[in-house]
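Have a look at this one before I ask anything.
FYI, it's all coordinate maths here, none of it is from the lab. Model, not experiment: these values are computed from the prediction. Here Cβ is always computed from backbone atoms with ideal geometry, including for glycine, and neighbour counts include all displayed protein chains.
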């Protein structure tokens, strides 16, 4: 489950409906009822927060957001999207990393899921981080 206050329009999440889980994008928030409108490939629907799950940060999820991966000689891994950078101190260890955009550097932010990364990205760049459409 995700806290309602951590969700913003544009965030990517997993939404469960009738036993099926699908990835979707948040298209609306109802603060009075604490409901989240999510658009999946099937439909747009209002969900309770207990029906929403975060998407873990990993190679696949970062690639879907348009990041390119660069393995460095010191065994660190850098993910790049335009001027935004994520640096893993150890390959495939997404538990602690640094991120920066121009002069804004964040060391070991509490970021473990895609919606959290999207919210930091928006805060740092003033641009929404969305999936790359091919």
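Translational diffusion coefficient, Stokes-Einstein: compute it for the chain using the Kirkwood radius over C-alpha pairs as Rh, at 37 °C and 0.692 mPa s, and state it as an integer in µm² s⁻¹.
On the way: Rh = 15.6 Å.
Translational diffusion coefficient: 211 µm²/s.
What is the angle, in °, between the Cα long axis of helix 114-125 and the longest principal axis of the Cα atoms in the chain? Nearest 10 is fine, range 0 to 90.
Between the helix axis and the principal axis of the chain, the angle is about 60 degrees.
With contacts defined as alpha carbon pairs under 8 Å and 6 or more residues apart, what's the relative contact order of the stretch 59-125 in percent? If you can, show how the numbers build up before the last one.
Values: 87 pairs, mean separation 12.2, N = 67.
Over the stretch 59-125, the number comes to 18 percent.
May I pose another question? If R0 is 30 Å, what FRET efficiency do you get for residue 80 and residue 48 from their C-beta distance, rounded to 0.05? Walk me through the intermediate numbers first.
On the way: r = 37 Å, r/R0 = 1.22.
My answer for the efficiency is 0.25.
Right, next: How would the stretch 59-125 be classified by its alpha-carbon gyration tensor: rounded, prolate or oblate, with rounded meaning a/c under 1.5 and the a/b versus b/c comparison settling the rest?
On the way: a/c = 1.35, a/b = 1.30, b/c = 1.04.
The shape class here is rounded.
What relative contact order, as a whole-number percentage, does the chain give when Cα pairs under 8 Å and 6 or more residues apart are counted? Provide the component values of the computation, followed by the final result.
Details: 240 pairs, mean separation 26.0, N = 134.
RCO, the chain: 19 percent.
Let me ask something else about it. Tell me the label-point distance for the pair residue 5, residue 92, using the 7 Å Cα-to-Cβ offset, in nm and rounded to one decimal.
3.7 nm
So if each residue of separation counts as 0.36 nm, and I subtract the Cα-Cα distance between residue 71 and residue 22, what length gain in nm does that give?
Working: separation 49, 0.36 × 49 = 17.64 nm, distance 3.11 nm.
Taking 0.36 nm per residue and subtracting the Cα distance, the gain is 14.5 nm.
Nearest 500 deg cm²/dmol is fine: what mean residue ellipticity at 222 nm does the chain get from its DSSP H runs of n ≥ 4 alone, each adding -39,500 (n - 2.57), divided by its residue count? Could you put the intermediate results ahead of the total?
Numbers: 2 runs with 18 residues, N = 134.
When only DSSP H runs of four or more count, the value is -4000 deg cm²/dmol.
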